[in-house]
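This report refers to the structure that appears directly beneath it.
Readers should treat all values here as calculations from the given coordinates under stated rules, not as data from a laboratory. Since the structure is predicted, the reported quantities are computational estimates derived from the model, not experimental observations. Here the Cβ is made from the backbone with ideal geometry for all residues, glycine too, and neighbour counts use every protein chain on show.
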Amino acid sequence: GAVVSQHPSRVICKSGTSVKIECRSLDFQATTMFWYRQFPKQSLMLMATSNEGSKATYEQGVEKDKFLINHASLTLSTLTVTSAHPEDSSFYICSALAGQKQYFGPGTRLTVT
Amino acid sequence: AQTVTQSQPEMSVQEAETVTLSCTYDTSESDYYLFWYKQPPSRQMILVIRQEAYKQQNATENRFSVNFQKAAKSFSLKISDSQLGDAAMYFCAYCSISSNTGKLIFGQGTTLQVKP
């Protein structure tokens, strides 16, 4: 149980375009999901907390107009990187909260050319 | 604000041996959760073990056990009978209960190499 999926697993996009990443809890409902960014050999950096039916809460320094988060249902949260630039290239990970445990998706590798 | 520190960027262990990964944290709260997560080369984060601060007994999960020292704010992970599949990056994480956000505060991570 407690499986979280992410789609796509990897995406390449051109500078200036937008890309959407989906995070789904497959066998449980999650009112809260989290989005992280991770650079190679570094820790996870929390970007925002996604709450179903309400606006996301962004961490300090994260541009909310650039990283749009929508949590439209109890099993789906999406992260849209708008007007992507090469510096947005990174590994993005989502997680879903069940009880007091976070269950993580497999991550999405974004490359902006 | 709470912080989590992992002072060992890299560790290595011989297969079948035991290794201990260190983690210290800073908090003024009395009730919280502590976690160890494993991130293998696939980069899928896997929950290894969880400790509730109000429990004095150290958590164990098969070959994985923790040494939780609340007064010292220390939370080390011991891996016994190390296997090649244990090679990964390990993250220590803190979760406040009183904030009720479910947010995790991660340490910097420790890369564990297992030598055959």
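Placing R0 at 25 angstrom, the Cβ-Cβ distance between residue A:83 and residue A:9 gives a FRET efficiency of 0.65 after rounding to 0.05.
Looking only at trypsin sites (Lys or Arg not before Pro) in DSSP loops with at most 16 other Cβ atoms within 10 Å, what is the longest site-free stretch of chain A?
Looking at chain A, A:67-113 is the longest stretch - no exposed trypsin sites (Lys or Arg not before Pro) with at most 16 other Cβ atoms within 10 Å.
For region A:36-80, backbone nitrogen atoms closer than 19 Å to the point 7 Å from residue B:99 Cα along Cα-to-C-beta are found at A:36-38, A:43-52, A:55-64. Reducing region B:86-116 and region A:1-70 to their Cα centroids gives an inter-centroid distance of 19 Å. Only lysines eight or more places from residue B:115 in sequence, or on another chain, were considered; those with a Cα closer than 23 Å are A:41, B:38, B:78. Tell me, how many Å apart are the Cα centres for region B:1-71 and for region A:79-106? Between the Cα centres of region B:1-71 and region A:79-106 lies a distance of 23 Å. Look at the alpha carbon pairs under 8 Å that are at least 6 residues apart: their mean separation over the length of chain B gives a relative contact order of 37 percent. With all projection directions averaged, the alpha carbon convex hull of region B:10-77 covers 5.5 nm². Using only alpha-carbon positions in chain B, the gyration tensor eigenvalues give semi-axes of 24, 14, 12 Å once each is multiplied by 5 and square-rooted (largest first).
Remark on region A:1-107: Rg and Dmax equal 13.0, 39 Å (Cα only).
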